[in-house]
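To keep things clear, I will list the structure first and then write my remarks on it.
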Amino acid sequence: MKETIKQLASYVPPTPTEMIAQQYGLKRVAKLSANENPYGTSPKVAAAVIDAVQQGSGNWYPDGNATELREMIAQKLGVKAENIVFGCGLDEIITLVSRVFLEAGDEILTAEPTFSEYGLNAQIEGATIKSVPIDSQSGANDLNAFLNSITPNTKMIWLCNPNNPTGGYNETAALRDFMTQVPKDVLVLIDEAYIDFVRSAQPASALPLLEEFDNVAVLRTFSKIYGLAGYRVGYIIADDQRVRYLQTVRLPYNLNTLSQVAALAAFADQEFVEQVAAKNAKERDQWEKFLKQHHIFYYPSQANFIYFKVPDADQLAERFLENGYQIRTGFAADWLRVTIGLPNDNLAMQQIMADFLN
Ligand SMILES: *Cc1c(COP(=O)(O)O)cnc(C)c1O
């Protein structure tokens, strides 16, 4: 038994909406707690999956290299196909990266607050976490503070960009400048789970840095803008040598057949992605306008969620729940994260919130 694991608490997923509906006597509960896509999935996904099921190829192992998906992504992103490693969700990639590159006593840097999986997986490997507060005005990673926190023990830096839960975004030029100052033996992992929601910079991605720095990696998922959270597909793009190590440890068939089919169909439908990004941006503006009007402190978001500070946050979350809206609590006191929902749900939530505040 690893001693480190005894002291850790597992990730607590949101309560299933069916249970909430029953408990509160509601017909419908909108799940706006995990940044899933309220617009669903490209309709091409269901068609492709049904077709694959009807072909009945479940007796065969999946393609362990996810060849077709790999090539389609490589071509669109302008990276080498062999530099991609797939995971059963980006969660698995975070676990894999930690397992391969961290040893007991190593140190990682993560923002505070940020996605909790980076820290959890580092602790499982016996590494220690050094937290770097996010920029208190923008909610983005404070890159100078990260640089000042590097020690000889630092092995990895996790940058979630845009950052979950704050929604703050760092531009590629700033990340490039940052990379020139990071020691070459420190791996910088840029988690771009929400990159397609960014509107403030085009193109928004740090992908060009892959050609300039060996010690940078970019991570993506199909769970958010592609609306494929239920199918579990994520990936990392990294340098030749690190990819070799990751492939050695990765389970040979971690992406099942239907996940590959679904991801291929979803990725081919970039029109769906653009539509979701446009609708989300409009609703995001509307949320920010509402919060500003009510003098609620929030971070300007470039993602599909918004993070704000209200007194009696838990009571407000409960009020939302009573009305069929499940949001994310459990961050710092007084802070809530709302996934940006469908237009009618956003309006309804803002009404509930306005009533609560008055
Ligand atoms: C949702 C999320 C993930 C996990 O994605 P999966 O592919 O569903 O495992 C990773 N990183 C961040 C920042 C996320 O918000």
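The values are calculated or read from the model by the stated rules, or taken from the named source; none is laboratory data. Please read these numbers as outputs of a predicted model, since none were measured by experiment. Every residue, glycine among them, receives a Cβ derived from its backbone with ideal geometry; neighbour counts consider all protein chains shown.
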Hits in segment 63-115 - residues which are more than 16 Å from the ligand (Cβ to nearest atom) and at positive phi: 78, 105
Search result, residues across segment 330-358 that are assigned to a helix (DSSP H, G or I) and among the aliphatic types (A, V, I, L, M): 347, 348, 349, 352, 353, 354, 357
Helices (runs of 4 or more DSSP H) contained entirely in segment 1-115, each with at least 3 residues that are assigned by TED's automatic domain parsing to the domain that holds residue 211, hydrophobic (A, V, I, L, M, F, W, C) and farther than 30 Å from residue 150 by Cβ: 43-55, 67-77
Unmet criterion (only one of (1) away from the ligand (no atom under 12 Å from the Cβ); (2) closer than 23 Å to residue 204 by Cβ) for residue 162: (1)
Index of the failed condition, residue 287 passing every other in (1) crowded, with 20+ Cβ neighbours inside 10 Å; (2) assigned by TED's automatic domain parsing to the domain that holds residue 89; (3) not aliphatic (A, V, I, L, M): (2)
Qualifying residue in segment 145-155 (condition: at pLDDT 95 or above, within 16 Å of the ligand (Cβ to nearest atom), of a type in the set (Val, Ile, Thr) and assigned to a loop (DSSP other than H, G, I, E, B)): no
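Residues checked against (1) over 23 Å from residue 305 (Cβ atoms); (2) within 16 Å of the ligand (Cβ to nearest atom); (3) surrounded by fewer than 13 Cβ atoms within 10 Å (Cβ to Cβ); (4) of a type in the set (D, E, K, R):
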position	(1), (2), (3), (4)
18	no, no, yes, yes
21	no, no, no, no
34	no, yes, no, no
41	no, yes, no, no
44	yes, no, no, yes
Filter result for the condition that a residue is among the aromatic types (Phe, Trp, Tyr) and in contact with a Gly (Cβ under 7 Å, 6 or more places away or on another chain), over 231, 235, 245: 235
Matching residues in segment 163-197 - criterion: being among the charged types (D, E, K, R) and under 13 Å from the mean Cα position of the chain (by Cα): 191, 192, 196
Residue within segment 249-272 that is modelled with pLDDT of 95 or more, basic (Lys, Arg), touching a strand residue (DSSP E or B) at 6+ places or on another chain (Cβ under 8 Å) and under 30 Å from residue 185 (Cα atoms) present: yes
Tabulated pairs, segment 2-23, first within 15 Å of residue 329 (Cα to Cα) and free of Cβ contacts under 8 Å to residues at least 24 places away in the same chain, second surrounded by 12 or more Cβ atoms within 10 Å (Cβ to Cβ) and hydrophobic (A, V, I, L, M, F, W, C), C-beta under 9 angstrom, 6+ apart or interchain: 13/34
